[in-house]
Amino acid sequence: MDSHSSGLRLVERAGTFHDRPALLAPEGAFTFDDLMSASAAVATGLLAGRDSLDGERICYLAPPGWAYTAMQWGVWRAGGFGVPLATSHPERELAWVLDDAKPEAVVAHPSLAGRLQDLTNDRKIPLLLTPALLRDGPRAELPEVDESDPALMLYTSGTTGKPKGVVLTHANLRAQVEALSEAWGWTQDDHILLHLPLHHVHGIVNVLTSALWHGATCEVLPRFRAVDVWERLARCEVTLYMAVPTVYRRLIDAWDAADTDTREAWSQGARACRLMVSGSAALPVPTLERWEEITGHRLLERYGMTEIGMGLSNPLEGARRAGFVGTPLPGVEARLVDDDDLEVQEGTPGTIQVRGPAVFGEYWHRPDETAEAFTVGGWFQTGDQAVVEDGAWRILGRNSVDILKTGGEKISALEIEDTLRSHPAVADCAVVGVADVDWGDRVCAAVVLRPGEITSAEALRSFSKKRLAPYKVPKDVLLLEELPRNAMGKVTKPAVRDLFIEENDE
Ligand code: MLC
Ligand code: AMP
């Protein structure tokens, strides 16, 4: 029998859910007892005779599902600090995380281990495989874990080129889950569908961890395919669904393309849900309206960020205003300030600042950036602008033109520019986000070649693809003689954006 006393409420709670279904995963169906037992095996393997991992980082790479979850819990139960790696990332992005997080070990699912072999060899980091760690055997005594210990490092893009690690403690995760528990009325009887990537707060906290915290069931799809989601919904078992606006757009397109009987079955399945949530990027009002026509569900839009978890949410009961993200969640303090850091009145736009137990404490090994991110009184400066109108918050956009959101993925234009500039034929470039119905921001690059050099837009895209996560690769590349600049010689990004709009209008 495993000891359930771990200091972590999540684990203690799981110990009371026994044979309730926890995960319906591509690998099979698993109960909470299975999860307790498998994560104890993983923790035992990682400890290798020690009392605790004492906050050592463990990176893990697994497809969404059972092995991933057992790994995450095993790291936590061994006193480790989990660093999920992204299944979509090419070697260079994985290398960046390994070099920044400096894990004591990397754990990989056999199907993905090949990607890490050279990287871990070169860095002399042990590479462990999930089947070996999950194997049953004698269990070690597991450590008491303090809630103030780091639990999860999630990499996020900022205004400075490369992604940085957001350190979330167990207490942060608990506060994030408890806020959603109260606001969205989670119960043991919930059944949620998961196809979001598991290196972000949306998939990890709002969906997977929230479900397991409540003793609810999380049904994991190996990847997002609109038809698969509709078919699962049509079984009328799913009670909760959460996704990004791009996904709702895709689901609408698939519904539009289906025949009448299929549409009816799909819509009926969706109506069986008790709540459908959208977030991670602005939900276009036409998407909200069309979804309501198709399913009868008025999507609950909420606003969040890797550094804070969820901050603002429309209500579970009561009116959900189109184009608004509601009000601060329980436990979240939020305010709007002007450029002098002074709070603005309702009706006046300002920058969102957030404070509370869910907010992260630091960027990993970046004291300067951490200090810059917070202002007097411990407020975290999100960099997003909003306005409060009739008591509800409306997001207006970001302070920086260099932070883009594409399909719910946050990316830095500067990181993409740095990559393009490393191509020998590229003299200069400017990356912008162009408004797009499917992606939110469509990543577009204007490129000036060195004199006498020849290359194509497609060649530059494949160059980027080898080096960057697929969602960072510019969708459109325009080769120019020169970049638009202002009188000071600075590239004017709005003018660059206009070039792509003209291009699309032609
Ligand atoms: C994939 N592609 C993307 C992309 N995802 N391009 C831009 N933006 C994206 N987000 C690329 C693919 O690599 C491919 O490139 C081409 O686009 C078409 O791929 P696809 O097969 O159609 O894409 P798909 O794999 O279906 O992915 C689309 C998606 C996915 C929307 C399902 O991006 C997704 O799950 N997004 C959610 C991200 C998320 O969870 N964000 C939360 C962050 S946390 P090519 O060149 O091969 O054609 C956060 C806090 C909060 O924001 O508030 O929640
Ligand atoms: P990430 O860093 O990936 O956590 O992305 C967080 C960012 O996504 C926020 O700073 C916002 O810019 C954006 N975002 C999240 N939810 C919403 C929303 N509902 N509307 C508009 N933007 C959002």
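Taking the criterion of being within 16 Å of ligand 1 (Cβ to nearest atom), out of contact with any helix residue (DSSP H, G or I) (no Cβ under 8 Å at 6 or more places or on another chain) and within 24 Å of Val244 (Cβ to Cβ), would at least one residue in segment 445-457 satisfy it?
No: zero hits.
So which residues in segment 376-386 are more than 16 Å from ligand 1 (Cβ to nearest atom) and surrounded by fewer than 17 Cβ atoms within 10 Å (Cβ to Cβ), if there are any at all?
Those that are more than 16 Å from ligand 1 (Cβ to nearest atom) and surrounded by fewer than 17 Cβ atoms within 10 Å (Cβ to Cβ): Val376, Gly377, Gly378.
Looking at Asp498 and the list (1) modelled with pLDDT of 95 or more; (2) of a type in the set (D, E, K, R); (3) over 24 Å from Pro284 (Cα atoms); (4) away from ligand 2 (no atom under 16 Å from the Cβ), which single condition is not satisfied?
Going through the list (1) modelled with pLDDT of 95 or more; (2) of a type in the set (D, E, K, R); (3) over 24 Å from Pro284 (Cα atoms); (4) away from ligand 2 (no atom under 16 Å from the Cβ), Asp498 breaks only (3).
Out of curiosity, is Ser37 at pLDDT below 95 and crowded, with 16+ Cβ neighbours inside 10 Å?
No: the conditions fail for Ser37.
Only one of (1) away from ligand 2 (no atom under 15 Å from the Cβ); (2) acidic (Asp, Glu); (3) within 16 Å of Glu307 (Cβ to Cβ) fails for Asp338. Which number is that?
Just one mismatch for Asp338, condition (3).
Among (1) away from ligand 2 (no atom under 11 Å from the Cβ); (2) at pLDDT 95 or above, there is one condition Val401 misses while meeting the rest; what is its number?
(2) is the only condition that Val401 fails.
Considering each residue of segment 165-195, count those that are surrounded by fewer than 19 Cβ atoms within 10 Å (Cβ to Cβ) and under 25 Å from Leu85 (Cα atoms), and give that number.
Total satisfying the criteria: 1.
Looking at segment 305-326, which of its residues are farther than 16 Å from Ser280 by Cα and out of contact with any helix residue (DSSP H, G or I) (no Cβ under 7 Å at 6 or more places or on another chain)?
Pro315, Glu317, Gly318, Ala319, Arg320, Arg321
Which residue pairs have Cβ atoms closer than 9 Å, lie 6 or more positions apart in sequence or on different chains, and pair a first residue in segment 476-504 that is touching a residue at least 40 places away in the same chain (Cβ under 8 Å) and closer than 21 Å to Thr406 by Cβ with a second residue that is among the charged types (D, E, K, R) and part of a loop (DSSP other than H, G, I, E, B)?
Close Cβ pairs (under 9 Å, with a partner that is among the charged types (D, E, K, R) and part of a loop (DSSP other than H, G, I, E, B)) amount to Lys493/Asp402.
Of everything in segment 278-327 that's near ligand 2 (Cβ under 10 Å from one of its atoms) and β-branched (Val, Ile, Thr), which residue is farthest from Leu154 (Cα to Cα)?
Val325
What's the total number of residues in segment 314-351 that are more than 15 Å from Asp390 (Cα to Cα) and within 16 Å of ligand 1 (Cβ to nearest atom)?
The total comes to 3.
Table: residues versus (1) surrounded by 20 or more Cβ atoms within 10 Å (Cβ to Cβ); (2) more than 16 Å from ligand 1 (Cβ to nearest atom).
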site: Val229; (1), (2): yes, no
site: Thr239; (1), (2): no, yes
site: Leu251; (1), (2): yes, no
site: Asp259; (1), (2): no, yes
site: Cys273; (1), (2): yes, yes
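Suppose we filter segment 397-443 for residues that are farther than 23 Å from Ala86 by Cβ and surrounded by 20 or more Cβ atoms within 10 Å (Cβ to Cβ); how many remain?
So the answer is 5.
Of all residues being more than 11 Å from ligand 1 (Cβ to nearest atom) and under 14 Å from the mean Cα position of the chain (by Cα) in segment 207-227, which is surrounded by the most Cβ atoms within 10 Å (Cβ to Cβ)? Just the residue, please.
Thr209
Checking Asp54 against (1) among the acidic types (Asp, Glu); (2) in contact with an Asp or Glu (Cβ under 6 Å, 6 or more places away or on another chain); (3) at positive phi, which test does it fail?
With (1) among the acidic types (Asp, Glu); (2) in contact with an Asp or Glu (Cβ under 6 Å, 6 or more places away or on another chain); (3) at positive phi applied to Asp54, the lone miss is (2).
When the residues of segment 148-158 are narrowed to those that are buried (at least 17 other Cβ atoms within 10 Å of the Cβ) and not in a strand (DSSP E or B), which ends up nearest to ligand 1 (Cβ to nearest atom)?
Looking at residues that are buried (at least 17 other Cβ atoms within 10 Å of the Cβ) and not in a strand (DSSP E or B), I get Ser157.
Give just the number: which of (1) over 25 Å from Glu12 (Cβ atoms); (2) of a type outside the set (Phe, Trp, Tyr); (3) outside the structural domain of Leu85 (by TED's automatic domain parsing) does Ala132 not satisfy?
It fails just one condition, (3).
In segment 262-277, how many are away from ligand 2 (no atom under 16 Å from the Cβ) and touching a Phe, Trp or Tyr at 6+ places or on another chain (Cβ under 9 Å)?
The number of residues fulfilling the criteria is 8.
Evaluate segment 155-169: report whether one residue or more is free of Cβ contacts under 8 Å to residues at least 24 places away in the same chain, at negative phi and more than 16 Å from ligand 2 (Cβ to nearest atom).
Checked against the condition, which is being free of Cβ contacts under 8 Å to residues at least 24 places away in the same chain, at negative phi and more than 16 Å from ligand 2 (Cβ to nearest atom), segment 155-169 yields no hits at all.
The values are calculated or read from the model by the stated rules, or taken from the named source; none is laboratory data. All of these numbers come straight from a predicted model, not from anything done at the bench. Neighbour counts run over all protein chains shown; Cβ positions are idealised from the backbone, glycine included.
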